[in-house]
Every structure is written in structure tokens, then in C-alpha cells.
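The values are calculated or read from the model by the stated rules, or taken from the named source; none is laboratory data. Bear in mind that the values here come from a model prediction, so they are computed numbers and not experimental data. Please note: Cβ atoms are built from the backbone with ideal geometry, for glycine as well, and neighbour counts cover all protein chains shown.
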Amino acid sequence: MIKGVLFDFDGVLIDSKQSTIAYFQETFRHFKIPVPREEDFENILGLRTIDMLKKLLPHLSDGELAPIFDYNRKMSIKYVSKITLTPNAIEALTLLKGKYALGLITSRSKQGVKMLFDMYKLDRFFPVVLDREDVSHHKPHPEGIETAMRILHLKSNEVVYIGDTKEDIEAAHNANIICVYISNHSNDFNADYKISKIEELPGLLKKIEG
């Protein structure tokens, strides 16, 4: 029986793609580095900021990346107000609240999460929220998922995790729980289930429970 549903944040409940691309491009312009195109972000959205920078600037050392990383984090807060909810996210969460214990696991900063929760009044849905400052190991390591499960007193066969990246699916596999990949892309990264829109989730959970 499914008792808990754990979510990634970006790409699942919020649409941060254009905001992320915009503040990265502003950062690159500030440092007079060739500005990445939108297609350059295709396979790196959802990664931690430092990992995205390493993918975009593989020739730079950690020391050279440090000031770029610091400036980029400041820009990310500036652009939070441009982030929108994914269509029907609130409706889906409303249907799930009360029936399942809900948790959120994100690589966003605590400040960024608080700003978005305040903007969209998301506190009412999530008794457990783990951001990048709450874990020592990030996805695909299962620490975030396993920590949320402990807090919610859930077993691995009682939990479903919803994510939109390869790292999300690998983290769920590493935690030995059911994973749902949400995307319009053809690849499913060997997820147990795949949906294209968040409003499909309540029906899928009923199907999983039989």
C-alpha cells in the first residue's frame, strides 16, 4: 500500500527553466564569458548549480569557478520571482494531501525554497522539506529520500518518488522505491512509470495500488 509520495521540485512542481537560463546567461555576461544558448542547458537542468557550471565551463578549475558560482547564486535569488508553478500542480497536490504523506526533496537553497513556498503557499502540503543544505550527499545518492522516509516513518515499499531527471530516477532506484519519471522526452531512464503531466499522478497512484 502506498502511504507516501516524495517529490523533486524543479521540473515537477515548478517551472524554473527560463528563469534558470536567464540568470546563468546574466552571470556569464557579467564575467564576459561566451553566453550559453538555451540548447546548452538541455541535459543539465535539474543538476546542482556547481555541477551545471562545471558542465558549461569544463576548462575552469574549482578556484576559477568559485567567484562565478557565488555570483550565480545571488542571481538565482534575484530571478526566483520569475518561476511559475507547473500547470495543475496545486490541483494535484490538493487531491493527494490527506491521502498520502507528502515530502519534497530539492537541490535548491533553503532561502530559495522559502521564497517559493511563500509565493505559492506550499507549506500546507509538505510536512517534510529537504533542501541542499539538509543533506551531505546529493542525488543520485539516496540520502534525501531515505531521510524523508525516516521522518515520515515510511518503508521503502510504501513510497513513490516523482522526478524529472536521470539523477532523480537513479536516487529512487538507490533507495529501492518506486519511481515515476515526469517528462515529454522519449527516454525514461528505466523509471518504473512515466507521465507527461503532473495531473496524471493521482490516477497513476490509484493504478499502482491496484
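THR86 - would you say it is surrounded by fewer than 14 Cβ atoms within 10 Å (Cβ to Cβ) and hydroxyl-bearing (Ser, Thr, Tyr)? Working first, answer last.
Details: surrounded by fewer than 14 Cβ atoms within 10 Å (Cβ to Cβ): no; hydroxyl-bearing (Ser, Thr, Tyr): yes.
Criteria not met by THR86.
Please specify each residue of the stretch 142-186 satisfying the condition of being β-branched (Val, Ile, Thr) and in a helix (DSSP H, G or I). Outline the logic, then answer.
As a first pass, look at the stretch 142-186 and keep what is β-branched (Val, Ile, Thr): 145, 147, 151, 159-160, 162, 165, 169, 177-178, 180, 182.
ILE145, THR147, ILE151, ILE169, listed by residue number.
Which of the numbered conditions does SER107 fail, given that it passes all the others? Conditions: (1) more than 28 Å from GLU158 (Cα to Cα); (2) in a loop (DSSP other than H, G, I, E, B).
For SER107, the exception is condition (1).
If you go through the stretch 117-153, how many residues are touching a strand residue (DSSP E or B) at 6+ places or on another chain (Cβ under 8 Å) and of a type outside the set (A, V, I, L, M, F, W, C)?
6
Scan PRO87, PRO34 and give me the residue that is in a loop (DSSP other than H, G, I, E, B) and either free of Cβ contacts under 8 Å to residues at least 24 places away in the same chain or under 22 Å from ALA172 (Cβ atoms) (or both). I'd like the intermediate steps shown before the answer.
On the way: PRO87 fails: either free of Cβ contacts under 8 Å to residues at least 24 places away in the same chain or under 22 Å from ALA172 (Cβ atoms) (or both).
Exactly one of PRO87, PRO34 is in a loop (DSSP other than H, G, I, E, B) and either free of Cβ contacts under 8 Å to residues at least 24 places away in the same chain or under 22 Å from ALA172 (Cβ atoms) (or both), namely PRO34.
Let's see how each residue does on (1) under 25 Å from LYS3 (Cβ atoms); (2) not hydroxyl-bearing (Ser, Thr, Tyr):
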{"site": "ILE90", "(1), (2)": "yes, yes"}
{"site": "THR94", "(1), (2)": "yes, no"}
{"site": "LYS97", "(1), (2)": "yes, yes"}
{"site": "GLY103", "(1), (2)": "yes, yes"}
{"site": "GLN111", "(1), (2)": "no, yes"}
{"site": "LYS114", "(1), (2)": "no, yes"}
{"site": "SER136", "(1), (2)": "no, no"}
{"site": "ARG150", "(1), (2)": "yes, yes"}
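Given the residues PHE9, PHE41, which is the only one that is in contact with a Phe, Trp or Tyr (Cβ under 9 Å, 6 or more places away or on another chain) and either surrounded by 18 or more Cβ atoms within 10 Å (Cβ to Cβ) or not aliphatic (A, V, I, L, M) (or both)? Talk me through it step by step, then tell me what you get.
Details: PHE9 fails: in contact with a Phe, Trp or Tyr (Cβ under 9 Å, 6 or more places away or on another chain).
Exactly one of PHE9, PHE41 is in contact with a Phe, Trp or Tyr (Cβ under 9 Å, 6 or more places away or on another chain) and either surrounded by 18 or more Cβ atoms within 10 Å (Cβ to Cβ) or not aliphatic (A, V, I, L, M) (or both), namely PHE41.
Among the candidates LYS114, LYS194, LYS139, single out the residue that is part of a loop (DSSP other than H, G, I, E, B), assigned by TED's automatic domain parsing to the domain that holds TYR100 and not polar (S, T, N, Q).
Values: LYS114 fails: part of a loop (DSSP other than H, G, I, E, B); LYS194 fails: part of a loop (DSSP other than H, G, I, E, B).
Among LYS114, LYS194, LYS139, only LYS139 is part of a loop (DSSP other than H, G, I, E, B), assigned by TED's automatic domain parsing to the domain that holds TYR100 and not polar (S, T, N, Q).
Confirm whether TYR161 is hydroxyl-bearing (Ser, Thr, Tyr), without any contact (Cβ under 8 Å) to a residue 60 or more places away in the chain, surrounded by 18 or more Cβ atoms within 10 Å (Cβ to Cβ) and within 14 Å of ASP8 (Cβ to Cβ). Break it down into steps so the answer makes sense when it comes.
Values: hydroxyl-bearing (Ser, Thr, Tyr): yes; without any contact (Cβ under 8 Å) to a residue 60 or more places away in the chain: no; surrounded by 18 or more Cβ atoms within 10 Å (Cβ to Cβ): yes; within 14 Å of ASP8 (Cβ to Cβ): yes.
No, not satisfied.
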